[in-house]
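The values are calculated or read from the model by the stated rules, or taken from the named source; none is laboratory data. None of these values were measured; they are calculated from a predicted model. Here the Cβ positions follow ideal geometry from the backbone for every residue, glycine too, while neighbour counts run over all protein chains shown. Remember, those area values only see protein heavy atoms, side chains included, never the ligands or the DNA or RNA. Shrake-Rupley method; radii C 1.70, N 1.55, O 1.52, S 1.80 Å.
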Amino acid sequence: MTDGPLPLPVMPEPERGVVGADHPMLAGHFPGHPIVPGAWLLAWVVATATRRLAAECDTRAVIGVKRVKFLRPLAPDQAFECALKFGARSAGTDTGSHDSMRFTVDSSGTLIAEGSLLLQPGLE
């Protein structure tokens, strides 16, 4: 037993990305002042987490978004990166024994979005 919560391990290097100004999804979001849609960015985070779990031979799966907060818009051609950390088990809550994975998305040191993903336990 430990006297307190265990530290959250930081995942390996953050994954980086950029959405080119010519991407078709930007055409209507918003004309004259395009920004990367939050739904696209969140889907990118989920895909990043899924790849990271697979790369580590972790059999858990992302099954949902527990929480997300978009703090600033992301512009086309603006480089960004996603950092992931495992969260603590949620025993005693309505999520049972699921785990969570925290994420941050930033660009040049400015926080763009943050939140957590819900993970389903894998096979042992």
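Has region 49-65 got any residue that is assigned to a helix (DSSP H, G or I), touching a Phe, Trp or Tyr at 6+ places or on another chain (Cβ under 8 Å) and either closer than 20 Å to SER100 by Cα or modelled with pLDDT of 95 or more (or both)? Within region 49-65, one or more residues are assigned to a helix (DSSP H, G or I), touching a Phe, Trp or Tyr at 6+ places or on another chain (Cβ under 8 Å) and either closer than 20 Å to SER100 by Cα or modelled with pLDDT of 95 or more (or both). Residues of region 89-110 that are open to solvent by less than 40 Å² (accessible area, probe 1.4 Å), at pLDDT below 75 and among the small types (Gly, Ala, Ser): SER90, GLY96.
Please find, among VAL36, VAL45, the residue that is outside any loop (DSSP other than H, G, I, E, B) and either exposed (fewer than 13 other Cβ atoms within 10 Å of the Cβ) or touching a residue at least 40 places away in the same chain (Cβ under 8 Å) (or both).
Testing whether each residue is outside any loop (DSSP other than H, G, I, E, B) and either exposed (fewer than 13 other Cβ atoms within 10 Å of the Cβ) or touching a residue at least 40 places away in the same chain (Cβ under 8 Å) (or both) leaves just VAL45.
Among the residues of region 1-24, those that are modelled with pLDDT of 75 or more, under 20 Å from LEU111 (Cα atoms) and surrounded by 10 or more Cβ atoms within 10 Å (Cβ to Cβ) comprise PRO14, GLU15, ARG16, GLY17, VAL18, VAL19. Here PHE86 meets the list (1) of a type outside the set (Ser, Thr, Tyr); (2) modelled with pLDDT of 95 or more; (3) open to solvent by less than 40 Å² (accessible area, probe 1.4 Å) almost entirely, failing just condition (2). Residues considered: ALA113, ALA75. Of these, the only one that is at pLDDT 95 or above, within 21 Å of HIS33 (Cα to Cα) and not in a strand (DSSP E or B) is ALA75.
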